[in-house]
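Just so you know, all these numbers are worked out from the coordinates, no wet-lab data involved. Only a predicted model underlies this, so the values are computations on that prediction, with no experimental measurement involved. Here the Cβ positions follow ideal geometry from the backbone for every residue, glycine too, while neighbour counts run over all protein chains shown.
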Amino acid sequence: MSRPHRCWTTWATRCAPGLLLPERITALDTLDMIWEHPPHSIERKLLIARDYVTRHGHLAPRWAEHHQGLHLSRWLAERRKEANTRRPPHCYQRALNEIYPWWNAKGKAEWKRTYACARAAARDNTLIFPSPRQLTGTVPPLTQWLTQQIDNLDRLEPCQHHLLGDLPMGLDPGFWTPETLGS
């Protein structure tokens, strides 16, 4: 298959599902069009990554974690290594950025997973903002985590400041700077 034809069929199957006219689908079927992505294609791996984000709210799987048959954590580690050495095709980075903008952000994966839980709790209105009057034993774990982020704000990466500012808690994103918190 020629490159332009391959590019068009990739576009048609990935970007325009339901947009092809029935007669074009029939014509492509007569050419034995393969509608599913091959198991080892980048498109299939990107679909798996998108599904993972939909289910978990982040793209920071544990090291041994597999998702839909793909060793997702290893595949992402390879993409991060490529991205940090500027070798991957731009379209792969763009696709991962569209799936989850912080897929290659600095910081520990455990922080990213906990942040995803905090973001989900904030959206559900169940994340309690830390209060100096709360007793340590009565504070929910995510509130304790949030307190730790405030206490260690000067040691967080800039992208972590940004993520904390994006928590839907009705706070001004500038609230998460060391200057405003007195750190």
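Scoring 90-102, 45-57, 111-123 by mean Cβ neighbours within 10 Å over their residues and listing the highest first yields 111-123, 45-57, 90-102.
Put simply, the amide H of His67, placed in the peptide plane, has neighbours under 5 Å in Leu72, leaving out anything fewer than 5 places away on its chain. Return the FRET efficiency for the residue pair Arg87, Lys108: r is the Cβ-Cβ distance, R0 is 30 Å, and the value is rounded to the nearest 0.05. My answer for the efficiency is 0.80.
Segment 139-163 and segment 40-113 have their alpha-carbon centroids 23 Å apart.
Tell me whether segment 33-111 comes out rounded, prolate or oblate; compute the Cα gyration tensor, take square roots of the eigenvalues as a ≥ b ≥ c, and use a/c under 1.5 as the rounded threshold. Oblate.
If you stretched the chain out fully between Val53 and Ile25, how much longer would it get, using 0.36 nm times the residue separation minus the C-alpha to C-alpha distance?
Numbers: separation 28, 0.36 × 28 = 10.08 nm, distance 3.05 nm.
Value of the extension gain: 7.0 nm.
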